[in-house]
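Student: Let me begin by handing over the structure; questions about it come next.
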Amino acid sequence: MLVCHGKGVCDGIAIGKIKILKKSESNIKKIHISDIEKEVTRFHNARDNAKKQLRQLCAKAESELGEESAAIFEIHSMMIEDSDYIESIENIIKAQEINAEYAVLKTGENFFEMFSSMDDDYMKSRSIDVKDISDRIIKNLLNTDNDENKLYDKTIILAEDLVPSETVRIDKDKVLSFVTINGSSNSHTAILARTLSIPSIVSCNINMDSKFDGKTAIVDGFTGEIYIDPDSVTVEKMKTKMKETDLQREQLNTLKGKENITVDGKKVKLYANIGNIRDIASVLTNDGNGIGLFRSEFIYLERNKFPTEEEQFCIYKKAAETMGRNKIIIRTLDIGSDKKVDYFNLKKEENSAMGYRAIRICLKEPEIFRTQLRAIYRASIYGNISVMYPMITSIEEVKKIKDIAKEVRNELENEGVKIGNVEQGIMIETPAAVLISDELAKEVDFFSIGTNDLTQYTLAIDRQNEKLDDFYNPYHKSVLKMIKMVIDNAHKNNIWAGICGELGADINITELLLAFGIDEISVSSSAILKVRKKIRETDTRKVNIRKWL
C-alpha cells in the first residue's frame, strides 16, 4: 500500500480506480524521413480516419443534441478536405523531408495564426477548428487511442492540474474524486469538487506514474490522503468512515423544508452556486431556495465556438422553468484569468487575474455582451431571473452596463418580446468596489460579495498559487471589515446584500456573517443543509463581533 498526502478540499471518502488524465497536447518531435511517399500516404490514411470519426461524431451530436450542435463537425469535415490545408502538409513533408506528425502540427499552427489575425469574426472563429482537426489527425498518426482518457464507472481522476476548460468536458457521473499534483485549495478544481460534492485533494505528493492507472485507491477528503492498493485493514477503516459520513448526511436531510432562521428570529435566503443546468437537480435535492450564482461562463467553456443567443436562451429558459418561482441570479460572462477559451483569442498576460477579463471583455466587445443579455432578458418571462455583473471597479462601468442593458430591453420590446422584472446587481470582489459601495448601491438592486477574488486582491495573493496557501487568509481582518462595510452600505441604501464566494459555505464564520446582517448566502448545493443547520443554531445577539474585527 502506498499513502500520499495533499490538501483535502472537499470532505468525504471515495473508493474507486485511478485514471491518469493525460493532456491532449502531444510532444511532437521533428524527425527526418527517407521514404517521402510513404509518409504522405501515412498522412492521407490518418486524414481518412479522421473523416470517418467526424461523420460518426456528427451523427451522434445530431441525434442527441440537434442539428445546430452537429454543425461544428460538419465544418470540421469540410475543413479537413480543404486543398490549401492538405497541400501545405504535403509540401512540408516533401520539401523538408520530415515526419507527417510535425508537418500537420506546423500547418495547424500556421493556419491558426492566420485565421486568428483576420478582422472577420467568422474567420477568426475558424482558427480553433483548424487546431481541432490537426490534433485529430496527429492522434491518428500516433495511433493514440481517442479513448485514452475514458473513465471507469467509479473513477478517481489523477492529474497534474485541471483547468475549467478541461473539467467541463469530464463525464461527472463517473467521477468520484479529483487528485491533483498542483492546484491550491482556492483553485477552480477545488471549487468544482465542492460543487459536485466529491472528496478531492490538491497539492498531492504523488507521481504521474502510468503504473497507477487502473489501480484501486481510496481518497480521504477529510485528511487529504490517498491510499493506493489499500490493505484490508485500511479498506474496512475507510468503509466505516463512509458509513459515519452517510449517517451525518441523513441527519442533515431532516432539515429539508425547514426555515433558514436564527434562534433570535433573523431570516436569511440560502441559495446555491451552479455551473450549468445539470446542477439544478442537486439544488432541488438539497432543498436550495434558489440559485445565487449561475456561472454562465461554463456555457462558453463547454463549446468550441461562441454560443448563439438561441442556445443561451434555451439554457436560461430551462433553468427558469425548472426553478419556478425561486430566484435565479445569472452572472454574466466571467472569462479570463484561469478560465481560458481558445476561440476568444485572448493574448497571454503576465498577470491575468488583474487583466482583460469578466466585465472588461463585455464592455470592450459589447456584441458578445449584448447577445448574452438578449438571451437572459428573453428567458426572464419564464421565471424569476436576476442578473449580476462581475469585476466591477467604478460607477462609470455600472452606468455603461445599465445603458447597454436598457438598449437591449428596448430592442426586445420593439420586437414584441415580453420581458420579466429583472433585478440588476453587481459582484463586490475588488477593494475598489468595497470603498465606493455606498455610491454603487444607489445604482443597483443588490450586491453579491465574491470573497474568493476579494481576498485575493485585498491580500495581494494569487489564489491559484499553492505555495501561497499558508498566506491566503479569508478571515483576515481587512477582508471581514470590507464585508461588513458592503452589507452596511447596502442596507443604508435599501438594497440587499448576499455572499456567493467560498467563505459562504464556511460554517466557522456563518455566525459572524449573520451578525453582520447578511441577507443571502449562496453555496455549493452540497453545503446547503450544513449551512442551514448552523443558521438555525445561531443566536446573533450572542456573537462577539469584536473578537473577529
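Student: Please arrange Thr180, Thr245 by accessible surface area, largest first, computed with a 1.4 Å probe and ligands excluded.
Tutor: These residues rank, largest area first, as Thr245, Thr180.
Student: I'd like the accessible area for Ser526: 1.4 Å probe, protein heavy atoms, all chains in place, Å² to the nearest 10.
Tutor: Counting only protein heavy atoms, Ser526 exposes about 40 Å² to solvent.
Student: Given Cα pairs under 8 Å that are at least 6 residues apart, what percent is the relative contact order of region 191-252?
Tutor: Over region 191-252, the number comes to 24 percent.
Student: Using only the Cα atoms of region 280-416, construct the convex hull and provide its projected area averaged over every direction, in square nanometres to one decimal.
Tutor: With every direction weighted equally, the projected area is 8.9 nm².
Student: In addition: As a test of reading the structure, rank Met482, Met354 by solvent-accessible area (1.4 Å probe, protein chains only), most first.
Tutor: Met354, Met482
Student: Report, to the nearest 10°, how far helix 366-379 tilts away from the longest principal axis of the Cα atoms in the chain, using its own Cα long axis and a range of 0 to 90°.
Tutor: The angle comes out near 60 degrees.
Student: What percent does the relative contact order of region 330-403 come to when contacts are Cα pairs within less than 8 Å and at least six residues apart?
Tutor: About 39 percent, as a whole number.
Student: Decide, for region 479-549, between rounded, prolate and oblate: order the square roots of the alpha carbon gyration tensor eigenvalues as a ≥ b ≥ c, take rounded if a/c falls under 1.5, and otherwise choose prolate if a/b is larger than b/c, else oblate.
Tutor: oblate
Student: Measure nothing but the geometry: give the 0 to 90° angle between the long axis through the Cα atoms of 127-141 and the longest principal axis through the Cα atoms of the chain, rounded to 10°.
Tutor: With both axes taken from Cα atoms, the answer is about 60 degrees.
Student: Express in nm, to one decimal, how much length is gained between Gln424 and Phe471 on full extension, taking 0.36 nm for each residue of separation and deducting their alpha carbon distance.
Tutor: Gain on stretching Gln424 to Phe471: 13.5 nm.
Student: Within the chain, what percent of beta bridges assigned by DSSP are antiparallel, to the nearest 5?
Tutor: 35
Student: Return the Rg/Rh value of region 398-470, two decimal places, where both radii are evaluated on C-alpha atoms and Rh is the Kirkwood radius.
Tutor: 1.16
Student: Sticking with this one: Restricting things to alpha carbons, tell me how big region 380-511 is in terms of Rg and Dmax, in Å.
Tutor: In order Rg, Dmax, the Cα atoms of region 380-511 give 16.7, 55 Å.
Student: What number in nm² do you get for region 355-402 if you take the convex hull of its Cα atoms and divide its surface by four?
Tutor: Averaging across all directions leaves 3.6 nm² for the Cα convex hull.
Student: If the chain between Lys347 and Glu367 were fully stretched, how many nm would it gain, using 0.36 nm times the residue separation less the Cα-Cα distance?
Tutor: 5.3 nm
Student: If you restrict to DSSP beta bridges whose two residues both lie in region 330-462, what percentage is antiparallel, to the nearest 5?
Tutor: Here the share of antiparallel DSSP bridges comes out near 10 percent.
Student: Another question, if that's okay. What does the accessible area of Leu57 come to, in Å² to the nearest 10, when a probe of 1.4 Å is used?
Tutor: Looks like 60 Å² after rounding.
Student: Obtain the nm distance between the two label points defined at Val235 and Thr223 by a simple spin-label model: each point lies 7 Å from its Cα along the Cα-to-C-beta direction.
Tutor: 1.8
Student: Kirkwood Rh, the chain, all Cα pairs: how many Å?
Tutor: Over the chain, the inverse of the mean reciprocal pair distance is 25.4 Å.
Student: To test your reading of the geometry: what angle, between 0 and 90 degrees and rounded to tens, separates the Cα axis of helix 67-79 from the longest principal axis of the chain?
Tutor: Result, in degrees: 30.
Student: Might you work out the accessible area of Asp84 for me, using a 1.4 Å probe with all protein chains in place, and round it to the nearest 10 Å²?
Tutor: 90
Student: Okay, moving on. Rounded to a whole number, what is D in µm²/s for region 343-425 from Stokes-Einstein with the Kirkwood radius over alpha-carbon pairs (37 °C, 0.692 mPa s)?
Tutor: Translational diffusion coefficient: 235 µm²/s.
Student: Continuing with the same structure: Sort Glu413, Glu310 by heavy-atom solvent-accessible area, probe 1.4 angstrom, most to least.
Tutor: The ordering from most to least exposed comes out as Glu413, Glu310.
Student: Relative contact order for region 269-363: what is it in percent, counting Cα pairs under 8 Å that are at least 6 residues apart?
Tutor: 27
Student: Could I ask something else about it? As a quick test, which of the pairs Lys318/Lys492; Lys318/Lys534; Lys266/Lys492 have an alpha carbon distance above 30 angstrom in this structure?
Tutor: Beyond 30 Å between Cα atoms: Lys318/Lys492; Lys318/Lys534.
The values are calculated or read from the model by the stated rules, or taken from the named source; none is laboratory data. It should be emphasised that the depicted structure is a prediction, and the values quoted were computed from it without experimental measurement. Backbone-built Cβ (ideal geometry, glycine too); neighbour counts: all protein chains shown. For accessibility, only protein heavy atoms count, side chains too; no ligands or nucleic acids. Shrake-Rupley method; radii C 1.70, N 1.55, O 1.52, S 1.80 Å.
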